[in-house]
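*Asks:* What follows is a single structure, and I will ask about it in a moment.
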Amino acid sequence: MTTIPQTGVPHDAGTATADREDYAALCAEVSARTEEHAAARQHPKGKLTARERMEAFFDDGQWTEVGQFVGGDIHAGQTGAAVHTGFGKVQGRMVAVYAQDFSNKGGTLGRVEGDKIIALYDTALRLRIPVVGMLDSGGARIQEGVVALSQYGRIFRKSCQASGLIPQISLILGPCAGGAVYSPALTDFIIMTREHSHMFVTGPDVVRATTGEEVSFEDLGGAAMHNFHSGVAHYLAESEPEAIDYVRSLLDYLPSSCESPAPRYDYEPNPQDLAASQVVGDLVPVSARRPYDVVEVIQHLVDHGEFVEIQQLFAPRIVIGFACLGGRSVGVVANQPMVDAGTLDVDASEKAARFVRFCDAFGLPIVTLVDVPGYRPGTQQEQAGIIRRGAKLISAYANATVPMVTVILRKAYGGAYIVMGSKSIGADLAFAWPHAEIAVMGAEGAVSIMHRRELAAAEAEGRDVEVERARLVEAYRTSNVNPDLSVRTGELDGIITPSHTREVLLDSLELLRSKNQTHPHVKRHDNGPL
Ligand code: HXC
């Protein structure tokens, strides 16, 4: 590790070289002592120190620390701020990182810590490189009062300025409490460790005092709660090293900024990928009522079967994540028929919407795999705001300008057909497998609306209504539930055999490489549903 101290070097022009060497030795000594103290406080809890986390994160443990002693007093043996900031490489590409040091004043944030984080952001914005935050903190330093609070305000503002320009990722490796939670909340991805990370706006004590509710740290803001229920987190790691590895893998798929091209890897076509792509159709049962795991389908279509899933535990009826096709990074969105038949609900809509917006912000093409029976019906969903929140997915796709290719694997009904990256909403190319069922609604529902009078007449005449209904359902299925109308009207560009899907995706993305992706800038911004 290289360190660049930014404070305290004596200015006396006549200072002897020996004094300077002493000063360097003193810096090293204070640094070593501080790290020893940090290890003594963190290790018994099963946590790494901030520096160890940095080392685990960067290639070969190499990084350059900046401002190590800012806010400290070397001569008094005092280290600096309760946050370390620095730069290093991940798979050869530069990344800016700050790591809060819980062993130092509980990792709390005061003026100096805020200034360091903001300075790191400013450099990352100038260099157009991602920012990763490692959070482990008691929040705003109470002793510094509103000064500490205002620093959060400045960090929020900086993070909002950076949003869409550079990727921002938060690793929660300890407490993250109070309004401080909004700092990671504004970033693109949040990774939490199972045992030690907590995020809540008000902790268990305040909850008990104000509402009488007894709740544990875990239930209120643990990693499981935020991964399964709130959707705040994007990955649940079993340990700190696993959390750090996940972030490194995630960065592999992301460009350094919205101005850089997505990373490209040397890809050699190989027999395994070819074989997998040829049997992908076997994974999808023809009967629309039978479930299957769409993650397996994705793995059969992408390079080396490698798919980095995001928010795997939240709203699992939709699957999102990154993969490569022909060595190029893409975002994948797919309905998951294994969970409630893959219906769209409020959480699924928001999960996919934010992901589509991320891909669009950073120039990553979007591949959408559709198998959706429609929106999840019922009072619960209407009260939860399926109209307002479902609209977010429409807004995300409709405003995206990156290359978008959609494949309907089995069924696409009603509004959900349109919303899931249809051509009418903005996909550049759309295809369907031969057995695809595409219609305004399912046959049973359609027949009861369209043929209500005939069915009533059959009943009045004493005919068998169920036989009549079955006949009408069959007739509707034959004439309406198929991709024919979509193909004839150009809403689908072709019917493809499952075994050709990977090839079609590769060709489509190649074709769309020169797509003009500029966003029109006449308006200040849209006012879509947030
Ligand atoms: C000052 C703090 C602190 C804080 C912790 N410390 N939080 N100092 N301000 N907010 C100090 C402790 O005094 C202690 O100092 C050291 O950090 C370690 O804390 P412990 O309590 O001993 O550790 P632990 O038992 O692990 O508990 C950690 C904790 C707890 C759960 C985070 O400290 C806690 O509940 N802190 C308050 C959390 C909180 O409510 N924060 C919200 C602040 S308001 P010593 O010297 O003994 O080592 C906020 C708003 C932001 O953040 C606004 C944005 C808009």
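*Asks:* Using DSSP to call loops (not H, G, I, E or B), can you name the trypsin sites (Lys or Arg not before Pro) in the range 493-530 whose Cβ has at most 10 other Cβ atoms within 10 angstrom?
*Replies:* Sparse-neighbourhood loop trypsin sites (Lys or Arg not before Pro): K523, R524.
*Asks:* With r defined as the distance between the Cβ atoms of A76 and K105 and R0 fixed at 25 Å, what FRET efficiency is calculated, to the nearest 0.05?
*Replies:* After rounding to 0.05, the efficiency reads 0.95.
*Asks:* Related question: What is the distance in Å between the Cα centres of the range 409-440 and the range 330-408?
*Replies:* 12
*Asks:* What percent do you get for the relative contact order of the range 274-385 when only Cα pairs under 8 Å and 6+ apart count?
*Replies:* 22
*Asks:* Also, quick follow-up: Which GluC sites (Glu not before Pro) does the range 220-285 hold that lie in a coil by DSSP with at most 16 other beta carbons within 10 Å? Numbers along the way, then the final one.
*Replies:* Numbers: sites: E238, E242, E259; in loops: E238, E259.
Here the sparse-neighbourhood loop sites are E238, E259.
*Asks:* Report relative contact order for the range 170-211 in percent, whole number only (criteria: Cα-Cα under 8 Å, sequence separation at least 6).
*Replies:* Relative contact order here is 50 percent.
*Asks:* Okay, moving on. At 7 Å along the Cα-to-beta-carbon direction for both S230 and R33, put a label point, then send me their distance in nm to one decimal.
*Replies:* 3.9
*Asks:* Classify the chain as rounded, prolate or oblate from the Cα gyration tensor: take a ≥ b ≥ c as the square roots of its eigenvalues, call it rounded if a/c is under 1.5, otherwise prolate when a/b beats b/c and oblate if not.
*Replies:* It is prolate, given that a/c is not under 1.5 and a/b is the larger ratio.
*Asks:* Then there is this: Considering only G414, P403, V447, whose Cα is most displaced toward the positive end of the charge dipole of the range 321-462, charges sitting on Cβ of Lys, Arg (+1) and Asp, Glu (-1)?
*Replies:* Of the listed residues, the answer is P403.
*Asks:* Then there is this: Tell me, what ³J(HN,Hα) does each residue in the range 372-383 have, in order and in whole Hz, if you take phi through Karplus 6.51 cos²θ - 1.76 cosθ + 1.60 with θ = phi - 60° and put x for Gly and Pro?
*Replies:* Whole-Hz 3J(HN,Hα) from phi for the range 372-383: 10, x, x, 7, 5, x, x, 4, 4, 5, 5, 5.
*Asks:* Then there is this: Using a/c under 1.5 as the rounded threshold, could you call the range 373-443 rounded, prolate or oblate? The axes a ≥ b ≥ c are square roots of the C-alpha gyration tensor eigenvalues, and prolate needs a/b larger than b/c, oblate otherwise.
*Replies:* Verdict is oblate for the range 373-443.
*Asks:* Give me H37, H84 sorted ascending by neighbouring Cβ count inside 10 Å, so fewest comes first.
*Replies:* H37, H84
*Asks:* Taking the DSSP beta bridges in the chain as the whole, what percent of them are antiparallel, to the nearest 5? Each step should come with its number before you reach the end.
*Replies:* On the way: 27 of 70 bridges.
Antiparallel: roughly 40 percent of the beta bridges in the chain.
*Asks:* Which of the peptides 273-284, 345-356 is most tightly packed, and how do the rest follow, going by the mean number of other Cβ atoms within 10 Å of each residue? Don't jump to the answer; show the numbers that get you there.
*Replies:* Numbers: 273-284: 16.3, 345-356: 24.2.
Per-residue Cβ counts within 10 Å, averaged per peptide and sorted highest first, yield 345-356, 273-284.
*Asks:* Would you list, by chain and number, the lysines whose Cα falls below 25 Å from the Cα of K105, excluding same-chain residues fewer than 8 positions away?
*Replies:* Within the straight-line cut-off, K105 pairs with K45, K47, K116, K158.
*Asks:* What's the ranking of 384-396, 438-450, 479-491 by average number of surrounding C-beta atoms within 10 Å, highest first?
*Replies:* Highest mean packing first, the order is 384-396, 438-450, 479-491.
*Asks:* In addition: Taking the Cα-to-Cβ direction at R452 and at Q517 and moving 7 Å from each Cα, how far apart do the two end points lie in nm?
*Replies:* Taking the two extended label points, one gets 4.8 nm.
*Asks:* Here is a follow-up. With the calculation restricted to Cα positions, what are the radius of gyration and Dmax of the range 286-397 in angstrom?
*Replies:* Radius of gyration, then largest Cα-Cα span, for the range 286-397: 14.0, 45 Å.
*Asks:* Just subtract the alpha-carbon distance of A185 and E268 from 0.36 nm times their residue separation and send over the number in nm, one decimal.
*Replies:* Numbers: separation 83, 0.36 × 83 = 29.88 nm, distance 3.87 nm.
Separation in residues times 0.36 nm, less the Cα-Cα distance, equals 26.0 nm.
*Asks:* Give the Debye-formula value of log10 I(q)/I(0) at each listed q (0.14, 0.24, 0.31, 0.34 Å⁻¹), with one equal scatterer per alpha carbon of the range 440-482, two decimals each.
*Replies:* Calculated log10 I(q)/I(0) at the listed q: -0.29, -0.75, -1.07, -1.19.
*Asks:* Suppose we keep just the DSSP beta bridges with both residues in the range 126-233; what percent of those would be antiparallel, to 5? Kindly include the intermediate steps, with their values, before the conclusion.
*Replies:* Details: 1 of 13 bridges.
Beta bridges within the range 126-233, antiparallel portion: roughly 10 percent.
*Asks:* What is the distance in Å between the Cα centroid of the range 71-140 and that of the range 231-254?
*Replies:* 19
*Asks:* Is the range 218-367 rounded, prolate or oblate when judged by the Cα gyration tensor, a ≥ b ≥ c being the square roots of its eigenvalues, rounded requiring a/c under 1.5 and prolate requiring a/b larger than b/c?
*Replies:* Oblate, because a/c is 1.5 or more while a/b does not exceed b/c.
*Asks:* When only C-alpha pairs under 8 Å and at least 6 residues apart count, what is the relative contact order of the chain, in percent?
*Replies:* It rounds to 8 percent for the chain.
*Asks:* Of G133, Q91, G114, which is farthest towards the positive pole of the range 87-154's charge dipole, taken about the Cα centre with +1 and -1 on the beta-carbons of Lys, Arg and Asp, Glu respectively?
*Replies:* Q91
Every read-out reported here was derived from the displayed coordinates using simple, explicitly stated rules and does not represent laboratory data. As the structure is a prediction and not an experimental result, all values here were calculated from the model. All Cβ positions, even for glycine, are placed from backbone atoms using ideal geometry, and neighbour counts span all protein chains on display.
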